[in-house]
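*Asks:* Pasting a structure below so you can have a look.
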Amino acid sequence: MEKIKGFPEGFLWGGATAANQCEGGYLEGNKGLSTVDVIPAGKDRLPVMKGKMKMLNCDKEHYYPSHEAIDFYHYFEEDIALFAEMGFKTFRLSLSWARIFPNGDDETPNEEGLKFYDRVFDECHRYGIEPLVTITHFDVPMHLVKTIGSWRSRKMVDYYERLCEVIFERYKDKVKYWLTFNEINMLLHLPFIGAGLVFEEGENEEAVKYQAAHHQLLASAKATEIARRINPEFKIGCMLAGASTYPNTCAPEDVWKAMTRDRDNYFFIDVQSRGEYPNYAKKMFERLNINIRMEQGDEELLRNNTVDFVSFSYYASRLASADPKVNSQTSGNVFPTLRNPYLKASEWGWQIDPLGLRITLNALYDRYQKPLFIVENGLGAVDTPDEKDYVEDDYRIDYLRAHVEAIRDAINEDGVELMGYTTWGCVDLVSASTGEMKKRYGFIYVDKDNEGNGTLKRTLKKSFYWYKKVIETNGKDLE
Ligand code: BG6
């Protein structure tokens with residue numbers, strides 16, 4: 001039999017963004033303050049994102065990149081028209097919770113916020129683009145952080161449920177694909193950005209994080225339950241900050257270390273996809289003396305409302321060693337990792353590993369046996385426009401080409417079921433980890449710098465034309 005070399009019919013090619021990194025308009029249209037709005041650029045960013053430094057309001061000393069971001073709030077028509085020109089089949093975006101419920105606990109939603117997303121979805125459909133919506137992407141109304149401590153409180157499940165009722169009802173004919181939480185495992189690593197958690201001196205942080213995780217897992221299951229009632233055609237996915245961890249050597253201790261590292265992250269998806277807490281997690285809670293407060297009905301809710309598909313982000317593979325002397329660290333998508341001598345890295349130290357994506361696709365498919373969706377992948381790089389404002393980003397094309405080839409192999413050679421591929425930051429936007437504009441992922445250049453200067457003008461990079469051709473040929477022409 002002849003080998004099929006292409007991508008399946010109806011494969012969802014597209015790009016991804018998040019409200020907190022592109023919308024701006026941070027108090028426009030009655031929007032309330034969100035967690036991301038108080039996360040500054042600069043040296044205080046990491047301690048705030050980790051929940052170690054309390055920043056509950058903005059001050060004059062810091063610069064907050066989310067306030068204007070790339071002003072997608074006013075530029076969305078232009079941006080979506082450009083996505084359409086590239087031939088996008090889908091566009092992943094997130095909702096700003098505080099645009100819809102400014103305080104999070106309001107009795108009624110903010111009509112102006114809802115209308116904004118109506119306009120965005122209508123614009124997508126004008127071009128036949130299917131929206132893929134992340135319900136929360138690093139985003140909690142600050143009022144809920146200040147009043148109930150955000151996801152450490154079980155009340156969050158009710159407020160999230162209220163949000164879901166409203167958006168599923170309102171957009172039931174406009175949105176089919178939903179993700180409940182962006183990179184849900186990020187909660188363990190950046191608890192303020194992942195769950196609005198700020199820690200008190202001396203408290204058991206692990207216990208707080210896993211209790212918050214339980215609430216998010218319940219909320220995710222609840223969302224799935226509501227979605228199925230409101231529109232059985234909806235497809236609900238979970239979302240993992242993905243990437244397999246390699247052992248540094250074939251020493252069994254290293255292999256064990258790599259496996260347990262992966263489990264820390266799989267834990268969330270195991271619950272969302274299989275419907276119960278895995279035994280290894282229960283044992284870990286025992287060891288750490290963590291008592292997850294559960295109520296009657298929680299286990300049943302989780303069991304009965306597993307997701308339809310598993311989505312994930314992938315930028316770089318990870319490496320772990322059991323030997324503390326091996327400590328040549330480099331950065332990755334937030335997770336600390338060891339330097340892999342076989343791989344080159346981006347300007348930010350993220351290690352480039354296309355085969356690692358194929359490995360991750362196989363690992364996730366073997367584990368869950370559900371359709372997968374790559375909802376983030378890309379190269380953060382410094383782009384320098386020439387005198388005609390053109391960026392010749394061959395480095396980005398090379399990165400993406402190699403990853404698309406790896407995906408093609410996973411589909412054709414390994415039989416992985418993949419729904420689609422949305423590259424991260426299809427239009428340049430603010431970097432989540434650093435708050436910079438300089439770290440760009442887009443096919444579309446946005447004239448703005450790290451300090452907030454620039455005209456916001458959009459121009460097309462070389463990769464724009466490359467991706468257009470990839471989509472046009474359904475992944476056959478990658479040159
Ligand atoms: C993922 C997030 O962690 O990686 C995005 O879901 C983020 O929000 C992306 O922007 C890339 O990371 P960074 O730090 O380069 O922006």
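The values are calculated or read from the model by the stated rules, or taken from the named source; none is laboratory data. These figures come from a predicted structure and were not determined experimentally. Heads up, the Cβs are rebuilt from the backbone with ideal geometry, glycines too, and the neighbour counts pull from every protein chain shown.
*Asks:* Between GLU286, GLU276, GLU299, which is more than 16 Å from the ligand (Cβ to nearest atom), surrounded by 13 or more Cβ atoms within 10 Å (Cβ to Cβ), more than 23 Å from LEU190 (Cα to Cα) and free of Cβ contacts under 8 Å to residues at least 24 places away in the same chain? Spell out the reasoning first.
*Replies:* Working: GLU286 fails: surrounded by 13 or more Cβ atoms within 10 Å (Cβ to Cβ); GLU276 fails: free of Cβ contacts under 8 Å to residues at least 24 places away in the same chain.
It is GLU299.
*Asks:* A further question follows. How many of the residues making up segment 8-33 are touching a strand residue (DSSP E or B) at 6+ places or on another chain (Cβ under 6 Å) and either at positive phi or within 16 Å of the ligand (Cβ to nearest atom) (or both)?
*Replies:* Within segment 8-33, residues that are touching a strand residue (DSSP E or B) at 6+ places or on another chain (Cβ under 6 Å) and either at positive phi or within 16 Å of the ligand (Cβ to nearest atom) (or both) number 6.
*Asks:* Between a first residue in segment 10-25 that is in contact (Cβ under 8 Å) with a residue 12 or more places away in the chain and closer than 12 Å to GLU130 by Cα and a second residue that is in a loop (DSSP other than H, G, I, E, B) and within 15 Å of the ligand (Cβ to nearest atom), which pairs have beta carbons less than 6 Å apart while being 6 or more apart in sequence or on different chains?
*Replies:* GLY15/CYS426
*Asks:* In segment 437-466, what residues are surrounded by fewer than 20 Cβ atoms within 10 Å (Cβ to Cβ) and either assigned to a loop (DSSP other than H, G, I, E, B) or within 15 Å of the ligand (Cβ to nearest atom) (or both)?
*Replies:* Residues satisfying the conditions are LYS438, ASP447, ASP449, ASN450, GLU451, GLY452, ASN453, GLY454, THR455, LEU456, LYS457.
*Asks:* So which of TYR399, TYR395 ends up being surrounded by fewer than 19 Cβ atoms within 10 Å (Cβ to Cβ), within 16 Å of the ligand (Cβ to nearest atom), modelled with pLDDT of 95 or more and in a helix (DSSP H, G or I)? Explain how you work it out, then say what you get.
*Replies:* Values: TYR399 fails: surrounded by fewer than 19 Cβ atoms within 10 Å (Cβ to Cβ).
Of TYR399, TYR395, the one residue that is surrounded by fewer than 19 Cβ atoms within 10 Å (Cβ to Cβ), within 16 Å of the ligand (Cβ to nearest atom), modelled with pLDDT of 95 or more and in a helix (DSSP H, G or I) is TYR395.
*Asks:* Please determine, by comparing only the residues of segment 176-196 that are outside any helix (DSSP H, G or I), on the phi < 0 side of the Ramachandran plot and within 11 Å of the ligand (Cβ to nearest atom), which one is modelled with the lowest pLDDT. Let's see the steps before the verdict.
*Replies:* Taking segment 176-196 first, the residues outside any helix (DSSP H, G or I) are 176-183, 189-190, 196.
Checking which are on the phi < 0 side of the Ramachandran plot leaves us with 176-182, 189-190.
This time we only want the ones that are within 11 Å of the ligand (Cβ to nearest atom), so: 179, 181-182, 189-190.
Working: LEU179: 98, PHE181: 98, ASN182: 98, HIS189: 93, LEU190: 96.
Among those that are outside any helix (DSSP H, G or I), on the phi < 0 side of the Ramachandran plot and within 11 Å of the ligand (Cβ to nearest atom), it is HIS189.
*Asks:* Please tell me if ARG261 is away from the ligand (no atom under 16 Å from the Cβ) and crowded, with 17+ Cβ neighbours inside 10 Å.
*Replies:* Details: away from the ligand (no atom under 16 Å from the Cβ): yes; crowded, with 17+ Cβ neighbours inside 10 Å: yes.
When the stated conditions are applied, ARG261 passes them.
So that you can scan it fast, the table gives a plain yes or no per residue for (1) closer than 21 Å to SER463 by Cα; (2) surrounded by 18 or more Cβ atoms within 10 Å (Cβ to Cβ); (3) within 16 Å of the ligand (Cβ to nearest atom); (4) modelled with pLDDT under 95:
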position: ARG358; (1), (2), (3), (4): no, yes, no, no
position: ILE374; (1), (2), (3), (4): yes, yes, yes, no
position: GLY378; (1), (2), (3), (4): yes, yes, yes, no
position: TYR390; (1), (2), (3), (4): yes, no, no, no
position: ALA406; (1), (2), (3), (4): yes, yes, no, no
position: ASN412; (1), (2), (3), (4): no, no, no, no
position: GLY420; (1), (2), (3), (4): yes, yes, no, no
position: CYS426; (1), (2), (3), (4): yes, yes, yes, no
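*Asks:* Find the residue count for segment 413-472, including only residues that are touching a Pro at 6+ places or on another chain (Cβ under 9 Å) and within 11 Å of ILE70 (Cα to Cα).
*Replies:* Final tally of qualifying residues: 5.
*Asks:* Turning to a different aspect of this structure: If a residue must be within 16 Å of the ligand (Cβ to nearest atom) and either part of a loop (DSSP other than H, G, I, E, B) or more than 24 Å from the chain's Cα centre (by Cα) (or both), how many such residues does segment 323-337 contain?
*Replies:* 6
*Asks:* What number goes with the only condition from (1) at pLDDT below 95; (2) among the hydrophobic types (A, V, I, L, M, F, W, C); (3) in contact with a helix residue (DSSP H, G or I) (Cβ under 9 Å, 6 or more places away or on another chain) that ILE80 does not pass?
*Replies:* (1) is the only condition that ILE80 fails.
*Asks:* Still on this structure, please answer the following. Which residues, counting only those in segment 338-356, are farther than 15 Å from TYR441 by Cβ, within 16 Å of the ligand (Cβ to nearest atom) and of a type outside the set (Gly, Ala, Ser)? Walk me through it before giving the result.
*Replies:* Residues of segment 338-356 farther than 15 Å from TYR441 by Cβ: 338-345, 349, 351, 353-356.
With within 16 Å of the ligand (Cβ to nearest atom) added as a condition, the list becomes 345, 349, 351, 353, 356.
Passing the criteria: GLN351, ASP353.
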